[in-house]
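Report on the structure given below.
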Amino acid sequence: MTIEDKGFHAHSGWYFRREDDGSVRILAPDSIGTHQRVDFDANTWASIVASVSSSGESGDTFRAALAFHGETPATT
């Protein structure tokens, strides 16, 4: 990825991008005019999406978010 391709610009300098490995990278502006970077693996991202859905997070909403993201649940 290049600096020119920060990802989807949500608003106010916040960028989201799905990486090739299924993780999601977030760039957020900081107080000195640069960006801080946070990376979430696919399972964590699915949990975030499910938890803010209208139904809340459950096993079903987690699996639905993970499937929508194009991933399969990790096995332990």
Go through the range 23-76 and give me each residue that's modelled with pLDDT of 90 or more and among the charged types (D, E, K, R). R25, D30, R37, D39, D41, E57, D60, R63
Has the range 44-52 got at least one residue that is small (G, A, S), farther than 26 Å from G13 by Cα, outside the structural domain of I26 (by TED's automatic domain parsing) and without any contact (Cβ under 8 Å) to a residue 40 or more places away in the chain? no
Given D20, D60, D39, D30, which one is in contact (Cβ under 8 Å) with a residue 12 or more places away in the chain and of a type in the set (D, E)? D39
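The values are calculated or read from the model by the stated rules, or taken from the named source; none is laboratory data. Not measured: the values here are computed from a predicted model. Neighbour counts run over all protein chains shown; Cβ positions are idealised from the backbone, glycine included.
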